[in-house]
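Only one structure is covered here, and it is reproduced in the block below.
The values are calculated or read from the model by the stated rules, or taken from the named source; none is laboratory data. Since this is a predicted model, take the numbers as computed values, not measurements. FYI the Cβ positions are ideal-geometry reconstructions off the backbone, even for glycines, and counts take in every protein chain you see. Note: areas computed on protein heavy atoms with side chains; ligands, DNA, RNA excluded. Shrake-Rupley method; radii C 1.70, N 1.55, O 1.52, S 1.80 Å.
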Amino acid sequence: MRARPLKRRSPFVLAVLTLAIGACLSLTGAAPVSAATPASFAQTALKLPPQPAFQPDSAQPGQTSDSCPAVRAGLRQYAAHGITKVSCLTVTPGPAQTTPPQPGARLIKPAVGSWCGSQTGIWLYSRTENCIVGFKLVETVFDANTGAQLGTANISVNQDVILSTTSNVINENDSVTWVSATGRADVPGTLIYSGACTAPCTYSSFSNKVVDSFYVGKTVNAQFQYSDSPGATSPDTFSTFYTLATETPGVALIKPATWRMPVAVRCDNMLANRNPGCVFPASVPTLYLSEARYGPAAVNVQVAEQYLAGAPGTTTSPLTRGNPALSQGNRDAICDSTFIPDPTNVPTDSCDEYPFASSQQSGGTRGLTGKNCLEIVPGYVNGHGTVSFVNQPTGTQQCERGHVPLAQNKAVGSQLSALYSVFRMLQGDPYTVFVTV
């Protein structure tokens, strides 16, 4: 994002598109451009789309289990061995809901916000948290001699897996509630609930919760802890998995319920001058750039996302972090000698390229140079973004360079570096860029 020093400068002489000054156009609905001849620049006001509300990513529970078909098929064998009453467990994810559950059904310790309880039976996750509310299990008791169903029990599980980008320790806060029961299933018993993780992750000795007195209406809280020791050259990837069983007097549970967290954890120790840390890489971070704070530098991104081929940086076409060793070369390729600063019209004018030089979508990475790029003069006037086109947008250009004051150019670059660091982004990790008011 830094300016490339140049030895020569001359006024802008390229043809520009003349548009009505002050016209308020949506970037999405802007009219096609055409060549014109004036040597002065007409500033066109731009209208930002509304900022979307935060929405966590979601995933269905993974590798769930149902032991009931096997139990039904083996009832005669159980009876032949003197086992008269048997039970099975079925993992039954609840339906998604648009309204939050009752306060009593919320997570014990939601670490981020109310979004953790906004749906039932669905894993919701961000970069550092994965949670589920109302994960349902049903226990069914059968008479092994007659095959008759003697009763059912409904159990609800809440889970909250919390990562840290500055620690290799993973904490989980769960709760198990016996919601209701009928018939022979309505008998107090023992709850056995455990959490573990796949290699190379390890889990602590208290990742097994045993409660002898478990009955309808009771909630059991469980805290699990996992850790990983990633190397300095490659990350570790793993998941967590769970088992739940009930021991009821006079009833033989044939097989415990099992399931796993469907979103993988990634821990690494590959960032310079930082402790190891962990993230959910499936969650894509967003770089928010405020026009009020970053002025023309934010407008530069806004225009690029509209006019460049493929809309780089949007949710349909995210950017990905590139090799830091290539960033300067990418920057030099776009901000080459064909970029002529004009400090008269843009004080401390600097070349601001997009897609960012540190991304894998950089024009330099694609073998482009400055002459291949859309060139603009972004502005911020009276609380609104404006744009003047130095050359004509064609809809096929894959890079853009804007005439942006140096301080704002550097400020956006600093924010991008912070995004990479805070969210532990490795090479190839995707991210989006959203311009706000």
Matching residues in segment 227-258 (aromatic (Phe, Trp, Tyr) and modelled with pLDDT of 95 or more) number 1
**Request:** Restrict the check to segment 320-333 and report whether at least one residue is touching a residue at least 60 places away in the same chain (Cβ under 8 Å) and within 14 Å of residue 404 (Cβ to Cβ).
**Result:** yes
Considering residues that are under 12 Å from residue 284 (Cβ atoms) and open to solvent by less than 30 Å² (accessible area, probe 1.4 Å), the number found within segment 410-437 is 6
Taking first residues from segment 114-126 that are under 23 Å from residue 164 (Cβ atoms) and modelled with pLDDT of 80 or more and second residues anywhere that are assigned to a loop (DSSP other than H, G, I, E, B) and open to solvent by 30 Å² or more (accessible area, probe 1.4 Å), the pairs with Cβ under 8 Å that are 6 or more apart or on different chains are 123/60; 123/262; 124/118; 125/282; 126/112
Criterion first (among the small types (Gly, Ala, Ser) and either open to solvent by 70 Å² or more (accessible area, probe 1.4 Å) or within 22 Å of residue 87 (Cα to Cα) (or both)) does residue 231 satisfy it? no
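Quick one: would you say residue 188 is within 25 Å of residue 168 (Cβ to Cβ), open to solvent by 60 Å² or more (accessible area, probe 1.4 Å) and at pLDDT 95 or above?
So residue 188 fails the test.
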Given the conditions (1) open to solvent by 30 Å² or more (accessible area, probe 1.4 Å); (2) of a type outside the set (S, T, N, Q); (3) not in a strand (DSSP E or B), every one holds for residue 380 apart from (3)
Here the residues within segment 183-239 that are basic (Lys, Arg), touching a Phe, Trp or Tyr at 6+ places or on another chain (Cβ under 6 Å) and either outside any strand (DSSP E or B) or closer than 19 Å to residue 279 by Cβ (or both) are 218
Residue pairs within 7 Å by beta carbon, gap of at least six or interchain, first lying in segment 418-429 and among the aromatic types (Phe, Trp, Tyr), second surrounded by 17 or more Cβ atoms within 10 Å (Cβ to Cβ), listed first then second, are 420/321; 423/127; 423/165; 423/279; 423/285
Log entry, pairs with first residue in segment 171-190 being over 17 Å from residue 225 (Cβ atoms), second being open to solvent by 30 Å² or more (accessible area, probe 1.4 Å) and in a loop (DSSP other than H, G, I, E, B), beta carbons closer than 6 Å, six or more apart or on different chains, reads 178/216; 178/218; 181/216; 188/215
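May I ask you to list the residues in segment 244-269 that are of a type in the set (A, V, I, L, M), farther than 30 Å from residue 151 by Cβ and in contact with a Ser or Thr (Cβ under 7 Å, 6 or more places away or on another chain)?
Those that are of a type in the set (A, V, I, L, M), farther than 30 Å from residue 151 by Cβ and in contact with a Ser or Thr (Cβ under 7 Å, 6 or more places away or on another chain): 261, 264, 265.
Going through segment 283-304 one residue at a time, which ones are open to solvent by 20 Å² or more (accessible area, probe 1.4 Å) and either among the charged types (D, E, K, R) or out of contact with any Ser or Thr (no Cβ under 8 Å at 6 or more places or on another chain) (or both)?
Kept after step one, since they are open to solvent by 20 Å² or more (accessible area, probe 1.4 Å), are these residues of segment 283-304: 284, 286, 288, 290, 292-293.
Result: 292, 293.
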Counting only residues in segment 168-182 that are in a strand (DSSP E or B), within 30 Å of residue 235 (Cα to Cα) and out of contact with any Leu (no Cβ under 8 Å at 6 or more places or on another chain), the one most open to solvent (accessible area, probe 1.4 Å) is identified as 171
Has segment 350-367 got any residue that is open to solvent by 40 Å² or more (accessible area, probe 1.4 Å), over 17 Å from residue 310 (Cα atoms) and among the basic types (Lys, Arg)?
no
Considering segment 305-349, residues that are open to solvent by less than 10 Å² (accessible area, probe 1.4 Å) and over 18 Å from residue 387 (Cβ atoms), and then whichever is farthest from the chain's Cα centre (by Cα), we arrive at 335
Of the residues in segment 259-277 that are over 13 Å from the mean Cα position of the chain (by Cα) and open to solvent by less than 10 Å² (accessible area, probe 1.4 Å), the one that is farthest from residue 347 (Cα to Cα) is 259
request  = Would you check if there is a residue in segment 57-70 being open to solvent by less than 70 Å² (accessible area, probe 1.4 Å), modelled with pLDDT under 65, within 30 Å of residue 286 (Cβ to Cβ) and among the charged types (D, E, K, R)?
outcome  = no
Within segment 287-319, the count of residues that are in contact with a helix residue (DSSP H, G or I) (Cβ under 9 Å, 6 or more places away or on another chain), among the aliphatic types (A, V, I, L, M) and in contact (Cβ under 8 Å) with a residue 12 or more places away in the chain comes to 7
